[in-house]
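Since the structure comes first, as C-alpha coordinates, the remarks are kept for the end.
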Amino acid sequence: YLLDALTEASFRNQVDVVRNERRQRYDNVPYGKARFEVAAALEDVWRFMLDPRSVAACLPGATMEEALDDRTFRGSVKLRVGAISASYRGQVRLVRVDERAREVEMVAEGREPGGGSAHGTVSSRLRARPGGGTEVQTEASIDLSGRIVQLGRGMIEGVARQLFAEFA
(Lines give C-alpha, C1' and ligand atoms only; values in the text may rest on other atoms or scores of the structure.)
Protein backbone atom coordinates (compact mmCIF):
# COMPACT_ATOMS: atom_id res chain seq x y z
CA TYR A 1 0.00 0.00 0.00
CA LEU A 2 2.96 2.39 0.39
CA LEU A 3 3.66 2.31 -3.34
CA ASP A 4 0.39 4.16 -3.96
CA ALA A 5 1.48 6.93 -1.58
CA LEU A 6 4.95 7.35 -3.12
CA THR A 7 5.14 10.03 -5.77
CA GLU A 8 8.10 11.04 -7.90
CA ALA A 9 8.25 14.44 -6.15
CA SER A 10 8.25 12.94 -2.64
CA PHE A 11 10.88 10.39 -3.67
CA ARG A 12 13.16 13.13 -5.06
CA ASN A 13 12.66 15.16 -1.89
CA GLN A 14 13.74 12.22 0.30
CA VAL A 15 16.78 11.58 -1.90
CA ASP A 16 17.74 15.24 -1.43
CA VAL A 17 17.22 14.97 2.34
CA VAL A 18 19.45 11.90 2.56
CA ARG A 19 22.11 13.52 0.38
CA ASN A 20 21.86 16.67 2.50
CA GLU A 21 22.20 14.74 5.76
CA ARG A 22 25.23 12.89 4.40
CA ARG A 23 26.91 16.22 3.66
CA GLN A 24 25.73 17.70 6.98
CA ARG A 25 24.92 20.90 5.16
CA TYR A 26 21.84 22.83 4.26
CA ASP A 27 22.55 24.69 1.05
CA ASN A 28 21.82 28.32 0.43
CA VAL A 29 18.22 28.23 -0.76
CA PRO A 30 15.81 31.15 -0.52
CA TYR A 31 13.66 30.42 2.50
CA GLY A 32 11.78 33.63 2.72
CA LYS A 33 10.26 36.16 0.46
CA ALA A 34 8.03 38.77 1.97
CA ARG A 35 6.29 41.90 0.88
CA PHE A 36 4.79 44.07 3.59
CA GLU A 37 3.88 47.66 4.24
CA VAL A 38 5.20 49.82 7.06
CA ALA A 39 3.22 52.84 8.23
CA ALA A 40 6.27 55.10 8.16
CA ALA A 41 7.95 57.41 5.68
CA LEU A 42 10.39 55.91 3.16
CA GLU A 43 13.37 57.80 4.66
CA ASP A 44 12.62 56.50 8.17
CA VAL A 45 12.35 52.89 6.99
CA TRP A 46 15.52 53.28 4.91
CA ARG A 47 17.50 54.46 7.95
CA PHE A 48 16.09 51.54 9.94
CA MET A 49 17.14 48.98 7.29
CA LEU A 50 20.69 50.39 7.21
CA ASP A 51 21.09 49.74 10.94
CA PRO A 52 21.75 46.03 11.58
CA ARG A 53 21.06 46.61 15.29
CA SER A 54 17.51 47.65 14.43
CA VAL A 55 17.07 44.75 12.03
CA ALA A 56 18.48 42.27 14.59
CA ALA A 57 15.92 43.46 17.14
CA CYS A 58 13.22 42.11 14.77
CA LEU A 59 14.80 38.63 14.63
CA PRO A 60 14.17 36.34 17.62
CA GLY A 61 17.45 35.30 19.24
CA ALA A 62 19.64 37.80 17.36
CA THR A 63 21.79 40.49 18.98
CA MET A 64 24.34 42.97 17.64
CA GLU A 65 27.21 43.50 20.03
CA GLU A 66 29.51 46.02 18.37
CA ALA A 67 30.18 47.98 15.21
CA LEU A 68 33.55 47.15 13.65
CA ASP A 69 33.13 49.91 11.06
CA ASP A 70 30.18 51.68 9.43
CA ARG A 71 29.30 48.56 7.37
CA THR A 72 30.48 45.63 9.54
CA PHE A 73 28.98 44.49 12.83
CA ARG A 74 29.69 41.67 15.28
CA GLY A 75 26.85 39.75 16.87
CA SER A 76 25.22 36.44 17.67
CA VAL A 77 22.07 34.45 17.04
CA LYS A 78 20.55 31.59 19.00
CA LEU A 79 18.29 29.08 17.26
CA ARG A 80 16.23 26.24 18.57
CA VAL A 81 14.90 23.67 16.12
CA GLY A 82 13.07 20.82 17.78
CA ALA A 83 15.30 19.36 20.49
CA ILE A 84 18.50 20.89 19.09
CA SER A 85 19.68 24.40 19.82
CA ALA A 86 22.61 26.23 18.29
CA SER A 87 24.37 29.52 18.90
CA TYR A 88 26.34 31.27 16.18
CA ARG A 89 28.75 34.18 16.70
CA GLY A 90 30.00 36.18 13.77
CA GLN A 91 29.61 39.26 11.61
CA VAL A 92 27.01 41.04 9.51
CA ARG A 93 28.16 43.18 6.60
CA LEU A 94 26.24 45.63 4.47
CA VAL A 95 27.60 44.43 1.13
CA ARG A 96 25.40 46.49 -1.17
CA VAL A 97 23.71 49.80 -0.45
CA ASP A 98 21.99 51.54 -3.35
CA GLU A 99 20.73 54.89 -2.07
CA ARG A 100 18.92 55.81 -5.28
CA ALA A 101 17.10 52.50 -5.71
CA ARG A 102 16.62 52.10 -1.93
CA GLU A 103 18.04 48.58 -2.00
CA VAL A 104 20.27 47.01 0.64
CA GLU A 105 21.89 43.59 0.98
CA MET A 106 23.30 42.20 4.22
CA VAL A 107 25.47 39.10 4.53
CA ALA A 108 25.86 37.33 7.86
CA GLU A 109 28.48 34.70 8.67
CA GLY A 110 28.87 32.89 11.95
CA ARG A 111 30.41 29.85 13.63
CA GLU A 112 29.01 27.54 16.25
CA PRO A 113 31.32 26.36 19.07
CA GLY A 114 30.61 22.73 18.06
CA GLY A 115 32.02 23.32 14.57
CA GLY A 116 28.93 24.27 12.60
CA SER A 117 28.60 27.39 10.53
CA ALA A 118 25.91 29.66 9.13
CA HIS A 119 25.96 31.99 6.16
CA GLY A 120 22.92 34.05 5.27
CA THR A 121 21.89 36.83 2.94
CA VAL A 122 19.02 39.29 3.30
CA SER A 123 18.16 41.61 0.42
CA SER A 124 15.58 44.37 0.81
CA ARG A 125 14.03 46.86 -1.56
CA LEU A 126 11.92 49.82 -0.40
CA ARG A 127 9.25 51.73 -2.31
CA ALA A 128 7.20 54.74 -1.22
CA ARG A 129 3.46 54.04 -1.09
CA PRO A 130 0.73 56.53 -1.81
CA GLY A 131 -0.37 58.01 1.48
CA GLY A 132 3.08 58.02 3.08
CA GLY A 133 3.73 54.37 3.90
CA THR A 134 6.61 52.23 2.65
CA GLU A 135 6.47 48.88 0.89
CA VAL A 136 9.31 46.53 1.84
CA GLN A 137 10.23 43.58 -0.40
CA THR A 138 12.66 41.20 1.26
CA GLU A 139 14.29 37.91 0.31
CA ALA A 140 16.49 35.82 2.56
CA SER A 141 18.57 32.67 2.16
CA ILE A 142 20.71 30.59 4.47
CA ASP A 143 23.48 27.99 4.33
CA LEU A 144 23.91 25.90 7.49
CA SER A 145 26.31 23.15 8.49
CA GLY A 146 26.80 21.20 11.69
CA ARG A 147 24.61 19.26 14.08
CA ILE A 148 21.48 21.37 13.53
CA VAL A 149 21.31 19.99 9.99
CA GLN A 150 20.63 16.50 11.39
CA LEU A 151 17.00 17.55 11.72
CA GLY A 152 16.56 17.47 7.97
CA ARG A 153 15.54 20.00 5.35
CA GLY A 154 11.81 20.10 6.09
CA MET A 155 12.10 21.08 9.75
CA ILE A 156 14.81 23.67 9.07
CA GLU A 157 12.79 25.24 6.26
CA GLY A 158 9.75 25.44 8.51
CA VAL A 159 11.63 27.16 11.33
CA ALA A 160 13.39 29.50 8.90
CA ARG A 161 10.06 30.53 7.37
CA GLN A 162 8.58 31.11 10.81
CA LEU A 163 11.52 33.31 11.86
CA PHE A 164 11.30 35.23 8.60
CA ALA A 165 7.54 35.74 9.06
CA GLU A 166 8.18 37.12 12.56
CA PHE A 167 10.72 39.53 11.07
CA ALA A 168 8.25 40.71 8.41
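I want to check the label-to-label distance for Leu59 and Glu105. Put each point 7 Å from Cα in the C-beta direction and report it in nm to one decimal. That separation, rounded to one decimal, is 1.6 nm. Ligands, DNA and RNA left out, the accessible area of region 63-105 computed with a 1.4 Å probe is 45% carbon and sulfur.
In order along region 66-80, the Karplus-derived 3J(HN,Hα) couplings, from 6.51 cos²θ - 1.76 cosθ + 1.60 at θ = phi - 60°, round to 7, 8, 8, 7, 6, 10, 10, 9, 9, x, 8, 9, 10, 10, 10 Hz, and Gly and Pro are given as x.
Between the amide H of Gly146 and those of Ser117, distances stay under 5 Å, these residues lying 5 or more places away or on another chain, with hydrogens modeled in the peptide plane.
Near Gly61, no amide H atom lies under 5 Å from its own; only residues 5 or more places off or on other chains count, and H is placed 1.01 Å from N. Solvent exposure of region 50-149, expressed per residue, is 50 Å² of accessible area, with all protein chains present and a 1.4 angstrom probe. Give me the net charge for the shell around Gly90: Cβ to Cβ below 14 angstrom, other residues only, Lys and Arg +1, Asp and Glu -1. That sum, taken over residues with Cβ under 14 Å, equals 0.
The values are calculated or read from the model by the stated rules, or taken from the named source; none is laboratory data. Fair warning: this is a prediction, and the values are worked out from it, not measured in the lab. As a convention, Cβ positions derive from the backbone with ideal geometry for all residues, glycine included, and neighbour counts pool all protein chains shown. Keep in mind that these areas ignore ligands, DNA and RNA; they rest on the heavy atoms of the full protein, side chains included. Shrake-Rupley method; radii C 1.70, N 1.55, O 1.52, S 1.80 Å.
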